[in-house]
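Nothing in this text is a laboratory measurement; each read-out follows from the coordinates by a stated rule. Values in this document were obtained by computation on a predicted structure and should not be read as measured data. Using ideal geometry, Cβ is built from the backbone for each residue, glycine included, and neighbour counts are taken over all protein chains shown.
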């Protein structure tokens, strides 16, 4: 490995490391604005200038020496941008000399020349790279003394450049073009990470600005540019003007909206959740989180339930916990304990799952379920990690990774661009990784994408196809046939050539990774075919479950068993529940964060709940990785965690449940599995529980297909998210729409599991005929299409 | 109908010059073709090119706006490009620009009513020793543009004389550089 001398320290770094990383690895600092972890280095800000030199070998193969016999260092004639300079053996780097410091302070001066001095009203203030560097290089240095003896800190005597200051790029992001220092991080981000070049430099020279010619920013992963912007040019509109950076209480936690296990910082101020930022985890989400994870938190602060409620004479009345306990005792009196059901939310933690499973066991009940449960358990499949995706020779996605497991979208794109897992240096991920290149076209031969609707990853897939919903099993049967060298059996909507192509690539590949979504998991036959395929072919599987902690809950034994006779009394902590349970039970206790229409209608007792942002606990993500949640400081009155609520419910049933606190569940977990949930590895601990549950199919009927979406129902309650998403799109084949008498662009109301929803009709000829597609906010497969206003609607 | 619909052979030729997975490289030739044939590249054409080379309209706009050669709006018969970079600025291009905009009554992006002239400020044309310099369409430069020479140039073009002839018969510059342009106000290039 090349040995590099940085100032007075000699370090060894892997070949191909940038001089910048060698400097940080050696424990020194160099200022930078444009380089960023996980992005290609471009050397556009020129801030990281250093003096560098290297020895040379003579024709005899020996190092050239100077007169004194020392190895001679040939210095580069000019200072070099260290982010784009690769180290070589024997290289000498100087970051401390006056020459270097002077050049760097010159760069800070140039960068500041046109930068507005609005730090006091800038959201980035206190967390701004430019502010830090200006402080470091500017303040103590007086540039010249006026004739009257006063020191002057700037030499820039002219009017600053004035351009567009509050330019909304989308509902989520606002751009201040005066603050922009043209580091190009956001441009590179969009091209390299989600794979949409929707931002670019427009014009040139001093007129250059960041802009887009497309229709706004695509939502999905756009929010990450607010994190990587080194100044306050790109800001999060949801969190704008909500607090200064030093006022936020920052909590390191995990996003509860999907099974990716995205690491986040929760920023709360005065008891309100104000902002969510990404937290680097190079094994899970790098620096990136989905927009739903970042912007979908507005619901947490609004209209929270802060005290228990009890139904008195038909209406729910606020009550104390004692009254709630009494009401539960009364309601549950004489109920057969075997017929008491529990429904957990999909983002219940492992600890809560354990508490529920213990209680259910004591009750002797066989009805223990969770929201977003799939027909076949996710635990049946050998889990792949995201890192496996980077090493895969073939990736087959059956479902919609972008919406179902958003971070998988990022990893798939990384794989297709040939990005490797970065090495770990003393300072962590390399800041300027020279192996990452701009504008690498995705290698389409590595991906096959099939789904019951068009997906975003399909544009990168060499083999792709849209099959009719309900035909996932047919797809797997055809794929198996193609693997066996037979002609693939027919799959409605899919070109057999695509299946053959995918099978061919699959066979040639050594390492294969499979992604399967809710459509496959909901169909027992398809899920079993997929399982057989994965196991016989030695492929890792990323199961894109609708529930954030499906694998964790399954491992704790949260799974319905026994006969299908419904429960008589039920404890529901989920946001949605099957009609059969809501209508068929006699007594219903809800543990809820909000008084939703469902709660208001069906609850006999409501206990105020904490959101996943306020919990301590653990998730088992889609890659079988244990990740710790920490509670953020959000004010929610008397809200209690699920473990406490379950304990109270157990008490009302006359039991004394063993688990009363999260700690107790963690102790039990440590005894049982020898893992201390309080001491997980920094990037999460991989844990493969042995679980076996019998398939439990979910009802899947109707021609309204509820397409998975990263935006869950609760996210959509936030006003910004509502504005950004607009009216939901009901996508359908033109012929199907005409048969129903629907025009393109017509708006109408349709019945959905979330209640009636206003939708707008869009045509998509690539979709199978006879189906209507609607992005779903709650995990649900499909239901009969039912329009609630006169057919045709009004043209919008 | 798209601009390239009936130019499939030409397209194939252009794309054949680049590796199959680097269709983006054909962005410039395609832009150039539209600019040459239509005089400007409108948003529909940008989207068409983006589709053809497999990128986004944003990237096409980014590339296009980098080069002053590409126009986003229709131009006049004579598209006057005034060099505004340092040497020409010192030689009086600010005053020249003033005179031009007042004489023609247009700003960049506009075309005179008779459809004859449009105006654009461009970066260095590379003839710093003969500033201020203007270029009309793709023709050779008009150099040392004094007020008198400018007037003669515009008059000639308004009479639809061939550009080459007008250019050759311009009055000799009285003197070089800034002194020949009347300074307007105190903020001039003194």
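Let me test this: with uniform point scatterers at the alpha carbons of segment A:392-457, what is the Debye-based log₁₀ I(q)/I(0) at q = 0.13, 0.17, 0.29 1/Å?
-0.44, -0.68, -1.29
7 Å from Cα along Cα→Cβ at both residue A:306 and residue A:157: what's the point-to-point distance in nm?
Once both label points are built, they end up 5.9 nm from each other.
Which percent of Cα pairs goes in each bin when the distances of segment A:181-336 are cut into 5 angstrom slices starting at zero?
Bins of 5 Å from zero give 2, 8, 13, 16, 14, 10, 10, 7, 6, 5, 4, 3, 2, 1, 0, 0 percent of pairs.
Show me, bin by bin at 5 Å from 0, the whole-percent P(r) of segment A:630-683 based on Cα pairs.
4, 16, 19, 18, 19, 14, 7, 2, 0
Rank these for me by crowding, A:166, A:715, B:98, A:297, going from fewest to most other beta carbons within 10 Å.
The order, fewest Cβ neighbours first, is A:166, B:98, A:715, A:297.
For helix A:524-537, what angle does its Cα long axis make with the longest principal axis of chain A, in degrees from 0 to 90 and rounded to 10?
40
Specify the angular offset, from 0 to 90 degrees and rounded to the nearest 10, of the alpha carbon long axis of helix A:642-652 from the longest principal axis of the alpha carbons in chain A.
20
For an R0 of 35 angstrom, estimate the FRET efficiency from the Cβ-Cβ distance between residue A:420 and residue A:751 and round to the nearest 0.05.
Calculated value: 0.10.
So what is the diffusion coefficient of segment A:526-603 in µm² per second by Stokes-Einstein at 37 °C and 0.692 mPa s, using a Kirkwood Rh over Cα pairs?
213
From the alpha carbon gyration tensor of segment A:1-120, can you work out the equivalent ellipsoid semi-axes (sqrt of 5 times each eigenvalue) and give them in Å, largest to smallest?
The answer is 30, 16, 12 Å, longest axis first.
Report the percentage of all Cα-Cα pairs in segment A:207-291 whose separation exceeds 16 Å, rounded to a whole percent.
When all Cα pairs of segment A:207-291 are counted, 58 percent exceed 16 Å.
Which value does Rg/Rh take for segment A:328-408 over its C-alpha atoms, Rh per Kirkwood?
That ratio equals 1.15.
Please average, across the residues of B:44-53, the number of beta carbons from any other chain that are within 10 Å of each residue's own beta carbon, and give a whole number.
For this peptide, the per-residue mean of nearby foreign Cβ atoms is 1.
Assuming R0 = 51 Å, can you tell me the calculated FRET efficiency for the pair residue B:22 and residue A:337, based on Cβ-Cβ distance, to the nearest 0.05?
0.15
What angle do you read, to the nearest 10 degrees and between 0 and 90, between the alpha-carbon axis of helix B:57-66 and the longest principal axis of chain B?
30
Tell me the Kirkwood hydrodynamic radius of segment B:36-88 in angstroms, computed as one over the mean inverse distance between distinct C-alpha pairs.
12.4
How far apart, in nm, are the 7 Å Cα→Cβ label points at residue B:10 and residue A:435?
The two pseudo-label positions are separated by 4.5 nm.
Can you give me the three principal axis dimensions of chain A from its C-alpha atoms, in Å, biggest first?
Sorted from largest, the Cα extents of chain A read 97, 69, 62 Å.
Determine the relative contact order of segment B:8-66: mean sequence separation of Cα pairs under 8 Å and six or more apart, normalised by residue count, in whole percent.
28
Please state the relative contact order of chain A as a whole percent: Cα pairs under 8 Å, 6+ residues apart?
It comes to 14 percent, rounded to a whole number.
Taking only DSSP H segments of four or more residues, each worth -39500 (n - 2.57), what value at 222 nm results for chain A once the sum is divided by all its residues, to the nearest 500 deg cm²/dmol?
When only DSSP H runs of four or more count, the value is -7000 deg cm²/dmol.
Return the average number of partner chain Cβ atoms within 10 angstrom of each residue Cβ along peptide B:59-68.
The shielding value for this peptide is 6.
Place a point 7 Å from Cα of residue A:8 in the direction of its Cβ. Which residues in segment A:73-87 have their backbone N less than 18 Å from it?
Of the residues in segment A:73-87, none has backbone N under 18 Å from the label point off residue A:8.
At a 10 Å Cβ-Cβ cut-off, how would you order A:129, B:6, fewest neighbours first?
Ordered from fewest to most neighbouring Cβ atoms within 10 Å, A:129, B:6 come out as B:6, A:129.
From the mean inverse distance of alpha carbon pairs (Kirkwood) and the Cα radius of gyration, derive Rg over Rh for segment B:78-172.
Rounded to two decimals, Rg/Rh equals 0.92.
Evaluate E = 1/(1 + (r/R0)^6) for residue A:743 and residue A:62, where r is the Cβ-Cβ distance and R0 equals 56 Å; express this FRET efficiency to the nearest 0.05.
Computed FRET efficiency for residue A:743 and residue A:62: 0.10.
For segment B:78-172, what's the relative contact order in percent, using C-alpha pairs closer than 8 Å and at least 6 residues apart?
Over segment B:78-172, the number comes to 30 percent.
Between residue A:135 and residue A:240, what is 0.36 nm times their sequence separation minus the Cα-Cα distance? Round to one decimal in nm.
35.4 nm is the gain from fully extending residue A:135 to residue A:240.
Among A:516, A:276, what is the fewest-to-most ranking by other Cβ atoms within 10 Å?
By the 10 Å Cβ count, ascending, the order reads A:276, A:516.
Could you work out how far apart the two model spin labels at residue B:148 and residue A:487 are, taking each label as a point 7 Å from the Cα in the direction of the beta carbon, and quote it in nm?
8.9
Quote the convex hull volume per residue of segment B:8-66, based on C-alpha atoms, as a whole number of Å³.
79
Mind checking Rg over Rh on segment A:466-510, alpha carbons, Kirkwood formula for Rh?
When Rh is taken as the Kirkwood radius, the ratio is 0.96.
Using only helices, what value at 222 nm comes out for chain B when you add -39,500 (n - 2.57) per DSSP H run of length 4 or more and divide by the total residues, to the nearest 500 deg cm²/dmol?
-11500 deg cm²/dmol
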